[in-house]
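J.: Before anything else, here's the structure in question.
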Amino acid sequence: MDLNVRDVARLLGVTEDAVYAWIRKGEIPSHRVHDQHWFNRVELQEWASARKMRLSPAVFAPVGGSMATVPRLRDALERGGIFHRVSGDTRRSALQAVTELPGIPRDVVRPQLLELLESREALASTGVGEGIALPHARDPLVVSVDEPTVLLCFLEQPVDFGAIDGLAVNALFLLLSPTVRAHLQLLARIAYAVHDAELKRLVREQAPREPILDRIAALEHEAPPGSERGSHR
């Protein structure tokens, strides 16, 4: 937790009073430490993404160390893969089926990954609306991967994920990251991409691999939130 109320207000482009109002209503994830409210970058990005709010690219700056190359969603998705007709009729069984897919990196302990995904869902649904969910571990560093990896999984049947709009989920973007910064960057890129009308159509129709990858590549060329070009705007 490295963000205070002032930081969050700046990143969201709102007043500190607005942030305090969200805290009082329990509408924003925060942690009270020694009479001060602190925020986790990953939780804040998740919260903003679910509400279609844009964060300042400054949220992606590392707490320490050098700036790494921004991971590309297309590269991460090519690494993980796109899978059709993934089984499961409950949130747990769907997540379990996802963890058994060949796109999961070899060194990942699959039962542990399932446990981490379920723990994250117990905190709050990763369903972001319109039939899409973004499951991931709450702490991306617990799952040891060498490179950012994303799996797009089309479910064989809709599953209730407790999404914010109440709609059942048909598609899951599973996110696995080697660093917190890569996690934030990819989460922002996915959130940006799934609000694109053309990509939403492709996902809704459970399109083949290439049209999806091509559309994501086109969107990334437009410099979505968190990109190197976007961070200088």
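J.: If a residue has to be part of a helix (DSSP H, G or I) and in contact (Cβ under 8 Å) with a residue 40 or more places away in the chain to count, how many in the stretch 118-136 make the cut?
T.: So the answer is 1.
J.: Report, by residue number, each residue of the stretch 114-147 that is over 10 Å from the mean Cα position of the chain (by Cα), under 18 Å from P158 (Cα atoms) and hydrophobic (A, V, I, L, M, F, W, C).
T.: I132
J.: For the stretch 79-95, which residues satisfy the criterion of being of a type in the set (D, E, K, R) and under 15 Å from V203 (Cβ atoms)?
T.: R85
J.: Kindly provide the set of residues from the stretch 162-175 that are modelled with pLDDT of 95 or more and either β-branched (V, I, T) or buried (at least 23 other Cβ atoms within 10 Å of the Cβ) (or both), ordered by number.
T.: V169, L172, F173, L174
J.: OK, next. Among the residues of the stretch 69-93 satisfying the criterion of being closer than 22 Å to L186 by Cα and of a type in the set (A, V, I, L, M), which is nearest to the chain's Cα centre (by Cα)?
T.: It comes out as L73.
The values are calculated or read from the model by the stated rules, or taken from the named source; none is laboratory data. If you're wondering where the values come from, they're calculated on a predicted model, not measured in any experiment. Quick reminder, even Gly has a Cβ in these numbers, built from the backbone with ideal geometry, and neighbours come from all protein chains shown.
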